[in-house]
1. Out of segment B:54-108, which residues are more than 16 Å from DNA strand C (Cβ to nearest atom) and of a type in the set (S, T, N, Q)?
2. Can you confirm whether B:Leu45 is more than 9 Å from DNA strand D (Cβ to nearest atom) and touching an Asp or Glu at 6+ places or on another chain (Cβ under 8 Å)?
3. For the condition surrounded by fewer than 16 Cβ atoms within 10 Å (Cβ to Cβ), in contact with a helix residue (DSSP H, G or I) (Cβ under 7 Å, 6 or more places away or on another chain) and either assigned to a helix (DSSP H, G or I) or of a type outside the set (Gly, Ala, Ser) (or both), what is the one hit in A:Leu147, A:Leu172, A:Leu121, A:Leu158?
4. For segment A:156-175, what are the residues that are more than 7 Å from chain B (Cβ to nearest Cβ) and without any contact (Cβ under 8 Å) to a residue 40 or more places away in the chain?
5. So if I check each of B:Glu107, B:Glu81, B:Glu126, which one is touching a helix residue (DSSP H, G or I) at 6+ places or on another chain (Cβ under 8 Å), buried (at least 18 other Cβ atoms within 10 Å of the Cβ) and either outside any helix (DSSP H, G or I) or of a type in the set (D, E, K, R) (or both)?
6. Take the residues in segment B:135-144 that are assigned to a helix (DSSP H, G or I) and facing chain A (nearest Cβ under 9 Å); name whichever of them is surrounded by the most Cβ atoms within 10 Å (Cβ to Cβ).
7. Within segment A:34-66, count every residue that is part of a helix (DSSP H, G or I), within 14 Å of chain B (Cβ to nearest Cβ) and either among the aliphatic types (A, V, I, L, M) or surrounded by 12 or more Cβ atoms within 10 Å (Cβ to Cβ) (or both).
8. Determine if segment A:63-75 includes at least one residue that is of a type outside the set (Asp, Glu), touching a residue at least 60 places away in the same chain (Cβ under 8 Å) and within 13 Å of DNA strand D (Cβ to nearest atom).
Protein chains: 2
Amino acid sequence: MVSLAERPGTGYEIGQQFTRSIGHFWSATHQQIYRTLKKLHTEGLVTFESVPQDGRPDKKVYQLSDSGRKALREWVESPVEPYHLRDELSVKLRAAEHGDPRVIIEEMRRHREIHTARLRLYQEFEKDDYPDPSVLTGRRLNQYLVLRGGIAVQTAFLDWCDEVIDALQARLPHN
Amino acid sequence: MVSLAERPGTGYEIGQQFTRSIGHFWSATHQQIYRTLKKLHTEGLVTFESVPQDGRPDKKVYQLSDSGRKALREWVESPVEPYHLRDELSVKLRAAEHGDPRVIIEEMRRHREIHTARLRLYQEFEKDDYPDPSVLTGRRLNQYLVLRGGIAVQTAFLDWCDEVIDALQARLPHN
DNA sequence: GTCCGCATGTAACTTGTTACATGATTTA
DNA sequence: TAAATCATGTAACAAGTTACATGCGGAC
């Protein structure tokens with residue numbers, strides 16, 4: 001599963017991270033996080049300290065153990081399954097002959113808008129957080145490169161939406 | 001789930017389709033297919049005829065029922081969750097500081113090669129099967145557009161791999 | 001007085017993967 | 001004689017989603 005107990009934190013804080021930056025490339029619900037943390041704990045890869053709080057239930061501040069750090073390094077250096085696209089929109093497009101073309105075009109437009117918004121967001125991150133990429137090293141460089149990947153994919157998707165909309169539109173009868 | 005019982009066929013034949021064309025955008029194992037077919041059957045969306053064969057077990061030739069065709073049209077016209085990237089390689093890159101940079105670069109190169117090969121394959125499909133896209137309509141057009149999406153994403157991924165390899169390489173010490 | 005943020009969890013369900021099992025025919 | 005192709009399935013597991021549950025403090 002996941003391993004962003006790189007810096008100590010609570011399950012909730014990890015969830016925050018997912019909804020922010022890294023969540024654009026890998027998401028998880030809080031239930032998944034808590035389950036995973038529990039599992040990692042039984043495997044001895046993380047330790048935690050219960051921090052009592054006024055009123056609220058205890059916080060569990062998790063931290064990587066030595067064996068956890070070792071496991072993380074091994075995971076990072078191990079090969080990954082090459083990325084495999086799994087896009088429902090493509091499947092629908094393929095089956096589009098069974099539906100109203102105008103509805104499909106409308107749906108493609110909707111996706112186009114969503115990907116445009118995401119792309120804009122990523123480009124703002126890029127401009128604000130990494131004004132000069134040539135000086136980046138280490139963690140910051142890696143974060144930047146991941147963001148660049150997001151920009152590349154969103155751009156490709158957006159261009160594809162345009163191509164599809166144009167092609168379908170051109171085949172509409174009265175127009 | 002899936003709905004490519006568009007034309008009648010056996011579970012096995014559907015599996016073949018997945019390993020060929022559409023499998024590049026949505027894959028399923030044969031177990032999943034059989035389970036789904038069984039479910040669709042209990043829901044009355046498909047019917048089948050058992051065709052006895054010499055030696056081999058019976059073939060089950062599935063076909064969409066009227067309500068299945070209706071459900072398919074509804075599915076095609078219903079909105080989809082916008083595509084969400086889920087790429088483990090990006091997560092690893094983000095955590096790359098915990099591993100040997102040369103191992104990471106090697107892994108990126110491996111992915112680069114895989115995506116290059118896929119892109120070449122798709123481009124061959126494009127050249128051989130759709131020499132003149134401007135005349136396409138209906139099902140063939142949709143198939144072509146899906147293929148174009150695959151090309152777009154593979155190209156983007158490939159370019160990203162190059163960018164990452166270059167950036168990481170430039171930061172290696174002795175070199 | 002109701003919603004939002006912090007903080008954690010259980011339970012049930014759906015989806016997807018892996019392993020195992022059968023058994024004939026054709027190809028190398 | 002070993003493998004690949006055709007053709008179907010059961011069982012167990014892993015991963016991911018959705019619903020439900022608790023409970024305080026602060027903002028509106």
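1. Selection gives B:Gln63, B:Ser65, B:Ser67, B:Ser90.
2. Answer is no for this residue.
3. When all the criteria are applied, what remains is A:Leu172.
4. Listed by number, the residues that qualify are A:Asp166, A:Ala170, A:Pro173, A:His174, A:Asn175.
5. After ruling out the rest, the residue left standing is B:Glu107.
6. B:Asn142
7. Counting residues in segment A:34-66 that are part of a helix (DSSP H, G or I), within 14 Å of chain B (Cβ to nearest Cβ) and either among the aliphatic types (A, V, I, L, M) or surrounded by 12 or more Cβ atoms within 10 Å (Cβ to Cβ) (or both) gives 1.
8. Yes, segment A:63-75 has at least one match.
We did not get these values from a lab; they are worked out from the coordinates using the rules stated. Just so it is clear, the structure is predicted and the values come from calculations on it, not from any experiment. Neighbour counts run over all protein chains shown; Cβ positions are idealised from the backbone, glycine included.
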